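Colleague: Here's a structure for you.
The values are calculated or read from the model by the stated rules, or taken from the named source; none is laboratory data. It should be emphasised that the depicted structure is a prediction, and the values quoted were computed from it without experimental measurement. Backbone-built Cβ (ideal geometry, glycine too); neighbour counts: all protein chains shown. To get the accessible areas, we keep the full protein, side chains included, count just its heavy atoms, and leave off ligands, DNA and RNA. Shrake-Rupley method; radii C 1.70, N 1.55, O 1.52, S 1.80 Å.
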Amino acid sequence: MGAGKWIGGILGFMAGGPLGALAGFALGALFENSTKPDNGGSFGMPDDNAYTGQRNSFLFSMLVMASYIIRADGRIMHSEMEYVRRFLRHNFGEQAVDEGQQILLNLFEERKRMDRQNPAAFRNTIRDCGAQIAANLSQEERLQLLSFLAEIAKSDGHVSPEEVEALKEVAVYMGLSAREAESMLCLKGHSLEDAYKVLEISPDATDQEVRTAYRRLALKHHPDRVATLGEDVRKAAEEKFQEINNAKERIYKARGMK
């Protein structure tokens with residue numbers, strides 16, 4: 001994915017607003033180092049179809065929110081950056097690795113610059129970006145974005161209290177809930193307690209409430225609902241869907257349900 005294709009995505013739902021402002025800063029260095037787009041289009045003009053634009057918009061939104069999660073505990077962990085690189089390589093190709101990493105580094109620098117002027121400046125920008133994402137991505141797409149952010153937070157084997165709070169903040173900013181953030185953090189967990197959190201219910205829920213909660217999650221996390229973002233994102237959603245099924249089975253087994 002060359003710089004020319006990034007601009008096609010940015011001119012989608014991120015043509016203006018706080019995401020557009022961050023894009024202007026974060027992508028500026030990429031354009032300065034490029035003499036022409038990789039597909040022969042023109043800078044500043046959409047040069048790809050709506051499908052690519054939506055994928056790029058989704059990806060840039062993830063990087064913006066990831067820059068907030070990664071720095072929540074005041075550190076930039078190698079494992080977290082490596083997870084992002086693997087994600088970019090797997091989902092968007094080798095060229096996206098260097099570009100995406102540079103965008104993240106640019107976002108870290110912008111956060112430092114903004115926070116020198118006002119300690120709450122970047123947090124307020126993230127809040128406004130969340131509102132823009134909520135207005136332009138479906139609930140299912142936002143849930144998948146939240147799932148990726150949770151995996152980034154977990155990638156070093158430990159999620160700090162600051163990262164948990166940041167993830168919950170981002171979830172609420174994007175029109176989701178803190179409970180949905182907890183659910184994403186507990187995916188791939190093996191305990192019964194984790195299973196209840198995945199289904200977003202308490203251990204004292206009735207059997208009928210367990211069944212209802214599972215059906216609700218199965219509907220809103222169904223992989224087909226993010227198919228427009230590409231087969232690779234859909235595959236990630238399938239893995240998440242399987243983890244939800246695993247959590248349901250642990251609860252059913254513990255309760256003797258069928």
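Colleague: Given Lys112, Lys168, which one is basic (Lys, Arg) and under 13 Å from the mean Cα position of the chain (by Cα)? Give the derivation first.
Modeller: Numbers: Lys112 fails: under 13 Å from the mean Cα position of the chain (by Cα).
Only one candidate passes the filter, namely Lys168.
Colleague: Do we find a residue being at pLDDT below 85 and out of contact with any strand residue (DSSP E or B) (no Cβ under 6 Å at 6 or more places or on another chain) anywhere in segment 72-82?
Modeller: no
Colleague: Okay, next question. Hand me the list of helices (runs of 4 or more DSSP H) wholly inside segment 147-217 holding 2 or more residues that are out of contact with any Ser or Thr (no Cβ under 6 Å at 6 or more places or on another chain) and open to solvent by less than 10 Å² (accessible area, probe 1.4 Å).
Modeller: Because the criterion is at least 2 residues that are out of contact with any Ser or Thr (no Cβ under 6 Å at 6 or more places or on another chain) and open to solvent by less than 10 Å² (accessible area, probe 1.4 Å), the helices (runs of 4 or more DSSP H) in segment 147-217 that meet it are 161-173, 178-186.
For every residue, the table says whether it meets (1) more than 21 Å from Tyr83 (Cα to Cα); (2) in contact with a Phe, Trp or Tyr (Cβ under 9 Å, 6 or more places away or on another chain).
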{"position": "Glu165", "(1), (2)": "no, no"}
{"position": "Val170", "(1), (2)": "no, yes"}
{"position": "Leu176", "(1), (2)": "yes, no"}
{"position": "Ser191", "(1), (2)": "yes, no"}
{"position": "Ala195", "(1), (2)": "yes, no"}
{"position": "Glu209", "(1), (2)": "yes, no"}
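Colleague: Select from segment 219-253 the residues that are of a type in the set (A, V, I, L, M) and without any contact (Cβ under 8 Å) to a residue 40 or more places away in the chain and write down the one among them that is farthest from Cys186 (Cα to Cα).
Modeller: Taking the candidates together, the pick is Ala227.
Colleague: Can you say whether Ala254 is in contact with a Lys or Arg (Cβ under 8 Å, 6 or more places away or on another chain), among the aliphatic types (A, V, I, L, M) and at negative phi, as far as the supplied structure shows? Explain how you work it out, then say what you get.
Modeller: Values: in contact with a Lys or Arg (Cβ under 8 Å, 6 or more places away or on another chain): no; among the aliphatic types (A, V, I, L, M): yes; at negative phi: yes.
No.
Colleague: Just one of the numbered conditions (1) modelled with pLDDT under 95; (2) farther than 19 Å from Ser67 by Cα is not true of Ala153; which one?
Modeller: (2)
Colleague: Please go through segment 121-139 and give me each residue that is open to solvent by less than 30 Å² (accessible area, probe 1.4 Å) and touching a residue at least 40 places away in the same chain (Cβ under 8 Å), ordered by number.
Modeller: Selection gives Phe122, Thr125, Ile126, Cys129, Gly130, Gln132, Ile133, Leu137.
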